[in-house]
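Colleague: Got a structure here, written out as structure tokens. Questions coming.
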Amino acid sequence: MSKDPRRFLRYLEAERNASMLYRALAETLDGDRREALLELAQIEDEHAAHWIEKLQEYGIPIPPAPTTLDVSDAALVARARGAGFTDVLSHLEEAEGADAGMYDDEPEAPDYMSQDEREHIEVFQQMRTTAEKTNAVDALLSSRKAVAGGESWHRSDKSGSMRAAVFGASDGLVSNTALVMGFAGAAPSNATILFAGLAGLLAGAFSMAAGEYVSVASQRDLFRREIEMEAAELREKPEEEQKELELIYRAKGLDRESAANVARQIMSDPRTALDTLAREELGLDPDELGSPTKAALSSFIAFAIGASVVVVPYLFFMGEGASTSVPLILAISLALIAMVVVGGVVGRLSGRGVVFSAMRQLMWGAGAAIVTYGIGRLVGIQVG
């Protein structure tokens, strides 16, 4: 971060422009959404006041406040007047998202300013979600249902174990099939192919489990850190946190009085307040931050199952004189069937489509196996 205090001028300009934009957009509305935009503008004014104070400390002249919107903001307001405010919500959300990290590395910015900018995104997200809902109660029930229930994929995968299992099986199947086909192409004995397959199975399974454990554990640590920061803000600035909750519920469709009552009731219990703020502001469920152990175990088992598909046939064709072609044909057949099944499951869970995902899995898996078989064949001929 540059130490030149003139950087504060850029922050001041951004905050002033945002305030003007929100006030101009508020003029196109009435009711709760108008009040919500005016409150956002007030927050931007408070941020601007902070940078004015900093500029004064460093003796830098304060530029006059703008009196007109810049070209892009004026066009946005004109669009809101013509097509409706709902039509510009996605643009506002994207703009706030682009500026969300503006103060993350700024030592002169109070911690609450970064949080404020991120909460603005949440407000516009909620406005966009409920823009077409005319009944405030239905909007609130719908949002609560989404938080409490959600889709089956989210309900069953809060710990990350399902995701780890599905993609672990896919990785194990493709990687070990390619490995075994490479050795089979080099035409070694069944025992050598079996040993290579088992080695690939164990190495890959342990590697996947370790990677998944570290990934989920790091994510869990990050989530805990965010919740701890939210708890600190709740202790230090309860009035501001209550105001933020009120703003969120108003963006969801509640009228001013109802939103204030809900926020006040929630804030009366510190544990409930922290749980609600974590869910509403951070999008986190404090009770389900992911289990590194479950994710690692699921990944290990799933990878091992996927990788064993091409290994199992060779277990039954050992010893002198055993056929080399029969286990190879069985391994290929089982691998192709498994690729279609695993790809279909991935497609079903991801919503991409069972047939499309199954064919994609088959194409890439078979392609990898063919390439490694060909390389193994060439290496075997050269060595032989």
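Colleague: Mind sorting MET181, MET363 by how few other Cβ atoms lie within 10 Å of their own Cβ, fewest first?
Modeller: In order of increasing Cβ crowding within 10 Å: MET363, MET181.
Colleague: Over the chain, how many pairs of lysines fall under 22 Å by alpha carbon, counting only those 8 or more apart in sequence or from different chains?
Modeller: Total qualifying Lys-Lys pairs in the chain comes to 7.
Colleague: Note down the nm distance, to one decimal, between modelled labels 7 Å out along Cα→Cβ at ASP104 and at VAL379.
Modeller: 4.2
Colleague: Divide by every residue of the chain the summed helix terms, -39500 (n - 2.57) for each DSSP H run of at least 4, and state the resulting mean residue ellipticity at 222 nm, rounded to the nearest 500 deg cm²/dmol.
Modeller: After summing the helix terms and dividing by residue count, I get -26000 deg cm²/dmol.
Colleague: Next question. Per-residue HN-Hα couplings for the range 169-178, Karplus 6.51 cos²θ - 1.76 cosθ + 1.60 at θ = phi - 60°, whole Hz, x for Gly and Pro?
Modeller: Karplus-based 3J(HN,Hα) across the range 169-178 equals 5, 4, 5, x, 5, 5, 5, 6, 4, 5 Hz.
Colleague: Further, regarding this structure: Could you give each residue of the range 109-124 its phi-based ³J(HN,Hα) in whole Hz, using Karplus coefficients 6.51, -1.76, 1.60 with θ = phi - 60°, and x for Gly or Pro?
Modeller: Couplings: 9, x, 4, 5, 5, 4, 5, 4, 4, 5, 5, 4, 4, 4, 4, 5 Hz.
Colleague: Please list 3J(HN,Hα) in residue order for the range 253-268, calculated via the Karplus relation 6.51 cos²θ - 1.76 cosθ + 1.60 where θ = phi - 60°; whole Hz, with x for glycine and proline.
Modeller: Once rounded to whole Hz, the list reads x, 6, 6, 4, 5, 5, 4, 5, 5, 4, 4, 5, 5, 5, 6, 5.
Colleague: Picking from GLN242, GLN56, GLN125, which is most flexible by a Gaussian network model of the chain using Cα springs under 10 Å?
Modeller: GLN56
Colleague: I'd like the per residue volume of the convex hull spanned by the Cα atoms of the range 223-280, given in cubic angstrom.
Modeller: Hull volume over Cα atoms, normalised by residue count, gives 65 Å³.
Colleague: Taking the Cα atoms only, what angle lies between the long axis of helix 71-83 and the longest principal axis of the chain, rounded to 10 degrees?
Modeller: Result, in degrees: 90.
Colleague: Can I ask one more? Between ASP269 and GLU35, 0.36 nm times their residue separation minus their Cα-Cα distance comes to what?
Modeller: Gain on stretching ASP269 to GLU35: 81.5 nm.
Colleague: Give the order of LYS252, LYS294 when sorted by the count of other beta carbons within 10 angstrom, beginning with the fewest.
Modeller: Neighbour counts put them in this order, fewest first: LYS294, LYS252.
Colleague: Also, quick follow-up: Can you give me the P(r) profile for the range 308-365? Cα pairs, bins 5 angstrom wide beginning at 0, each as a whole percent.
Modeller: Going from the shortest bin to the longest, the percentages are 4, 22, 21, 16, 12, 10, 8, 4, 2, 1.
Colleague: Between ARG256 and THR68, what FRET efficiency follows from the Cβ-Cβ distance if R0 is 41 Å, with the result rounded to 0.05?
Modeller: It comes to 0.85.
Colleague: Once the Cα atoms of the range 7-132 are picked out, what are the Rg and Dmax in Å?
Modeller: Every Cα atom of the range 7-132 included, Rg and Dmax give 14.7, 49 Å.
Colleague: Can you give the alpha-carbon Rg of the range 247-384 over 2.2 N^0.38 Å, where N counts its residues?
Modeller: Compared with the compact-globule rule of thumb, the range 247-384 sits at 1.87.
Colleague: In what order do TYR11, TYR314 fall by count of nearby beta-carbon atoms within 10 Å, going from fewest to most?
Modeller: Listed from fewest to most nearby Cβ atoms, that is TYR11, TYR314.
Colleague: Using all alpha carbons of the chain, what is the percent of pairwise distances in each 20 Å bin, ordered from the shortest bin to the longest?
Modeller: 22, 38, 27, 13, 1
No value in this document is a laboratory result; all are computed from the given coordinates. Nothing here was measured: the structure is a model prediction, and the numbers come from that model. Backbone-built Cβ (ideal geometry, glycine too); neighbour counts: all protein chains shown.
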